[in-house]
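Undergrad: Structure incoming, see below.
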Amino acid sequence: RKIKAASLRRHFGQMLQDVFLFSGTIRSNILLREEGISDEEVMEACRYVNADHFINKLERGLDEPVRERGQRQLLSFARTIIHKPAVMILDEATANIDTETEQLIQNSLEKMMNIGTMLIVAHRLSTIQHADNIIVLSNGKIVEQGNHHELLQKHGRYYQLYTLQYHREQMKSARA
């Protein structure tokens, strides 16, 4: 009751499935009017989330106007990282992205595991495989809990979901 909501919110970062980008540049979308953050800090956040790969290829770099398509999730991730939140909430952050971008985000998530607490809501199990604790929900109830290896050994709901997703990915790869 003694903590103001605005003060509390500063400790949380979120990355959602549907990312909103504002008109302006890549820099302005990452900073969101936050003052006192240097270009080096912006690029450090971009490197951290692997967004630098595509930004460095752009003619104007951070000053490139944002387009509605492209690396939206990576820019959203950099936007969140720049504020160094104590708690990161990812809500289906890898649901609507291509495999290459997912790999870049996976790499970033592994880096972040030592920074703070992450709460990840995901149907794509590759997003949570390295989590310390996975909670499997069914109809709003916890049906299993443990890490990836423990849950696979139980041969329960998580195992079924993982096997189904792995099989689908193998089928897609075979068709490609």
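Undergrad: Take Leu62 and tell me if it is farther than 23 Å from Arg124 by Cβ, part of a loop (DSSP other than H, G, I, E, B) and in contact (Cβ under 8 Å) with a residue 24 or more places away in the chain.
TA: No, not satisfied.
Undergrad: Also: Just the residues that are at pLDDT below 90 and of a type in the set (A, V, I, L, M), please, taken from segment 1-43.
TA: Ile3, Ala5, Ala6, Leu8, Met15, Leu16, Val19, Leu21, Leu32
Undergrad: Could you grab me the full set of residues in segment 153-168 that are open to solvent by less than 70 Å² (accessible area, probe 1.4 Å) and either out of contact with any strand residue (DSSP E or B) (no Cβ under 9 Å at 6 or more places or on another chain) or within 20 Å of Gln17 (Cα to Cα) (or both)?
TA: Residues satisfying the conditions are Tyr162, Thr163, Gln165.
Undergrad: Considering only segment 1-54, give the helices (runs of 4 or more DSSP H) lying wholly within it that have at least 3 residues that are surrounded by fewer than 13 Cβ atoms within 10 Å (Cβ to Cβ).
TA: 5-9
The values are calculated or read from the model by the stated rules, or taken from the named source; none is laboratory data. A quick note: this is a predicted structure, and the numbers were derived from the prediction, not measured. Please note: Cβ atoms are built from the backbone with ideal geometry, for glycine as well, and neighbour counts cover all protein chains shown. Side chains included, ligands, DNA and RNA excluded: accessible areas come from the protein's heavy atoms. Shrake-Rupley method; radii C 1.70, N 1.55, O 1.52, S 1.80 Å.
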